[in-house]
Each structure stands twice: as C-alpha cells, then as structure tokens.
Amino acid sequence: MNNEQDHRSWLEDLETRHLEGERRTTAGVRICQLLLLTAFFGLWELAGRYKWVDVLLFSYPSKLFHHLWTTLLDGTLLPHIGVTVVETVAGFLLGTLLGAAFAALLWWSPFLSRVLDPYLVVLNSMPKVALGPIFIVSFGSGYTSIIATTLSVTVIITTLVIYNAFRETDANYVKVVRLFGGTKSQVFGKVILPAAFPVMVSTLKVNVGLSWVGVIVGEFLAARMGLGYLIIYGFQVFNFTIVLSSLIVIAIVAAAMYQLVSMLETKLTSGRRGR
C-alpha cells in the first residue's frame, strides 16, 4: 500500500514539475516576443526621429499611433474596421462551408472528382486578383464583389485540402464498415468525416489568413469603405501614415481573429480526444 502511494506521489510530483516547466517556457516565450516587438518599434521610432529612414515613406510609430488615436476619437476609423471585419467573417464562414461541402461532393462522386481535378488545379494556381474586375462587372462595386473575391481565394484551397484528407483516410476502416453492411452515407459519417475532422479544423486557421487576403484585395479594387480602401486612399494622396496605420490595424485585428480560431480549434480537438 505504501509503495503504491509513493508511486502515485512520485507521478504527481513529476507532473507538477512538468507543468511548472511548461509555464516557465511559455512565460519566457511571451517575454521574448514582447522584447522583440518593443525593440522593433523602438528602433523604428529612433530611425524616424533621427531621419535614418525617409519619414515620408516609413513614418514612425508615435506618429502612426497618434493618427490611430485621433481617428478613433473622431469616429472615422471604426466604420472602416467594422466593414472589413464583417466582410472577412462572411468570406471566412462561406469559404469554409462551401469548400467542405464541395469536397464532400467530390468524395461522393469519384467520376465528378476525376472530371473536375484539372480544373481545380488550374483555378488554384490562377492569380485571384485577375478575377476581381470580372466580379466587379458581374456584382457591382460593393460588398458582394468583395466577398466573391474572398471566396475565390478560400473555396478552392479549402476544397483541395479537405478532399485530400477524405482520400487519405485508412481504407481498412472503410472496408470494416462495408463488411458490416454500411451504406455510403454511413461510411462518410462514421469513418471519413471523423478521420478528416482534425484537418478540417486546422483549415479554419488557414482560411483566416486567406479571407483577409481576399477581402483586402477586393477592397483595393471595389470598396468605398474598409481598411483596404484606406490603404489605397493613403497611397493616392501620398500619405503613408494612413497606409502604415491601416496595416497595423489589420495586423492587430487579424491576429485577434486568428487567436479566436486557435482557441476554437483547441476546444474542438480536445473535446474529440476526450471522447
């Protein structure tokens, strides 16, 4: 009895030390990240103040953050952020759902998959910016054309990634379900979909970045509001403080959205491991 208690105490102590080590490592990583970011902005500020760089082109952090604070206070920045975030979330959700549905259709019909395979490869390699004018002419210069541009970026890659995950499922699992009289829909629901679930969840993080790319490209071409519009406007009036401050906002909002999706991924995958 004492040996069992000693063994359990040793395991608990080992786990405690491991968790403490993980916490120290995580804290060290966060500190290093903060120091790198501080050093970057500090050197940038010095370079701007002492004219080591062309201030007209590169500005400097204090000027950028003063511009952001001013536009936040006068209410001109938040509408642009709201428009871009709504477009990005819409493109993200639609791109993920449509891509997953199309991948399921290709798995369901091998004949259709063989017919469409070369076209998917060509569409995936095609520069999506080239499709922007077509979407503008088709849907007008508004939200629809921007979301269509975003979908052109997200849907094809989502389809290819998830379809490949479906195809790489262990064939032995499929044979077992078939031997017990399972239908094709049961094979998909009981074997294919659960096996590809981690890849599908990971695709969410990829689609965050792709959605931002699609939305900003669409706003470059067709928007009258949004962060992409601010970047183009700043370039047109040769005010690169507007351009760089808009890029900082995009980085902050995109990073926040990415972290939310990462938390969702962790919750979903840990929930499945628990089952």
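Using Cα pairs under 8 angstrom and six or more residues apart, how large is the relative contact order of the chain, in percent? Could the numbers behind the result be given before it?
Details: 253 pairs, mean separation 62.5, N = 275.
Reported as a whole number, the value is 23 percent.
Over all directions, how big on average is the projection of the convex hull of the alpha-carbon atoms in the chain, in square nanometres? All intermediate terms of the calculation are to be shown ahead of the outcome.
Working: hull surface 90.2 nm².
Computing the convex hull of the Cα atoms and averaging its projections yields 22.5 nm².
Output the peptides 167-179, 95-107 sorted from most to least packed, where packing is the average of other Cβ atoms within 10 Å over each peptide's residues.
Numbers: 167-179: 13.2, 95-107: 19.5.
So the order, starting with the most tightly packed, is 95-107, 167-179.
For residue 27 and residue 251 in the same chain, what is the full-extension length gain: residue separation times 0.36 nm, less their Cα-Cα distance, in nm? Walk me through the intermediate numbers first.
Numbers: separation 224, 0.36 × 224 = 80.64 nm, distance 2.26 nm.
Full-extension gain reported as 78.4 nm.
Give the average over all directions of the projected area of the C-alpha convex hull of the stretch 181-275, one decimal, in nm². Don't jump to the answer; show the numbers that get you there.
On the way: hull surface 33.1 nm².
Orientation-averaged projected area of the Cα hull: 8.3 nm².
Mind computing the radius of gyration and Dmax over the alpha-carbon atoms of the stretch 1-152? Å is fine for both.
Looking at the stretch 1-152, its Cα Rg and Dmax stand at 26.7, 80 Å.
Percent of accessible area on the stretch 63-269 owned by carbon and sulfur, 1.4 Å probe? Write down the numbers at each step before the final one.
Details: 8030 of 10990 Å².
Carbon and sulfur atoms account for 73 percent of the accessible area of the stretch 63-269.
If I take R0 = 25 Å and measure r between the Cβ atoms of residue 122 and residue 144 in this structure, what FRET efficiency does the formula 1/(1 + (r/R0)^6) give, to the nearest 0.05? It would help to have the intermediate numbers written out before the result.
Working: r = 24 Å, r/R0 = 0.98.
The pair residue 122/residue 144 has a calculated efficiency of 0.55.
P(r) for the stretch 134-201, please, calculated from all Cα pair distances in 10 Å bins and given in %.
Calculated over all Cα pairs of the stretch 134-201, the distribution is 19, 32, 20, 18, 10, 1 percent.
In square angstrom, what is the accessible area per residue of the chain with a 1.4 angstrom probe? Present the calculation step by step, with values, prior to reporting the outcome.
Details: 16940 Å² over 275 residues.
Heavy-atom accessible area per residue stands at 62 Å².
If you count, for each residue, the other Cβ atoms within 10 Å and average over each peptide, how do 123-129, 211-217 line up from highest to lowest? Let's see the in-between values first.
Details: 123-129: 13.6, 211-217: 25.4.
Descending packing order for the listed peptides: 211-217, 123-129.
The values are calculated or read from the model by the stated rules, or taken from the named source; none is laboratory data. From a predicted model like this one, the values you see are computed outputs, not experimental measurements. Every residue, glycine among them, receives a Cβ derived from its backbone with ideal geometry; neighbour counts consider all protein chains shown. Surface areas here come from the heavy atoms of the whole protein model, side chains and all, with no ligands, DNA or RNA. Shrake-Rupley method; radii C 1.70, N 1.55, O 1.52, S 1.80 Å.
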